[in-house]
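Worksheet for the structure shown next.
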Amino acid sequence: MILPSEAELLRIFIGESDRYEGKPLYEVIVQAARTRGMAGATVLRGVMGFGAHSRMHTAKVLRLSEDLPMIVEIVDKSDRIEAFLPELDAMIDEGLVTHERVRVIAYRHGESEQANTIT
């Protein structure tokens with residue numbers, strides 16, 4: 001897949017303990033993005049954070065949290081991101097979703113003959 005130089009980033013802030021149909025929500029989101037053929041998704045685990053309820057979540061040894069912040073980032077073409085939003089909305093009960101334009105500098109696969117590079 002080749003991404004245009006102007007793409008979009010969907011960033012989803014949820015908790016590690018959030019579930020959808022009994023499965024970890026971050027896994028369900030990534031699988032749904034993959035099923036739709038989106039360019040890629042990454043899940044990041046935060047070491048500390050708080051959200052709408054102002055409850056602190058931290059990975060400090062003396063204060064173990066079972067609900068660390070999770071961030072799912074998906075970059076793809078605008079139309080693919082827009083088409084994914086209704087499905088995403090149905091999955092998320094609590095969290096924050098942001099959507100922004102990004103400039104794609106490179107999107108490569110080692111075995112691919114085609115590479116997306118912007119200079």
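The values are calculated or read from the model by the stated rules, or taken from the named source; none is laboratory data. Quantities reported herein were computed from a predicted structural model and do not represent experimental measurements. All Cβ positions, glycine included, derive from the backbone under ideal geometry; neighbour counts span all protein chains shown.
Tell me yes or no: at least one residue of segment 19-40 is at pLDDT 95 or above, part of a strand (DSSP E or B) and closer than 17 Å to Val102 by Cα.
Looking for residues that are at pLDDT 95 or above, part of a strand (DSSP E or B) and closer than 17 Å to Val102 by Cα, one finds none in segment 19-40, hence no.
Quick one: in segment 1-45, which of the residues that are of a type in the set (Asp, Glu) and touching a residue at least 40 places away in the same chain (Cβ under 8 Å) is nearest to Asp93 (Cα to Cα)? It would help to see each step written out before you state the result.
Pass one, segment 1-45, residues of a type in the set (Asp, Glu): 6, 8, 16, 18, 21, 27.
Remaining after also requiring touching a residue at least 40 places away in the same chain (Cβ under 8 Å): 6, 8, 16, 18.
Values: Glu6: 30, Glu8: 23, Glu16: 13, Asp18: 9 Å.
Filtering first and then ranking leaves Asp18.
Based on this model, can you work out whether Met91 counts as surrounded by 10 or more Cβ atoms within 10 Å (Cβ to Cβ), in contact with a Phe, Trp or Tyr (Cβ under 6 Å, 6 or more places away or on another chain) and modelled with pLDDT of 85 or more? Working first, answer last.
Details: surrounded by 10 or more Cβ atoms within 10 Å (Cβ to Cβ): yes; in contact with a Phe, Trp or Tyr (Cβ under 6 Å, 6 or more places away or on another chain): yes; modelled with pLDDT of 85 or more: yes.
So Met91 fits the description; yes.
Which pairs turn up if I take residues in segment 65-76 that are closer than 22 Å to Gly40 by Cβ and crowded, with 20+ Cβ neighbours inside 10 Å and look for partners that are of a type in the set (Ser, Thr, Tyr) and modelled with pLDDT of 95 or more with beta carbon separation below 7 Å, at least 6 apart in sequence or on another chain?
Met70/Tyr26; Val72/Tyr26
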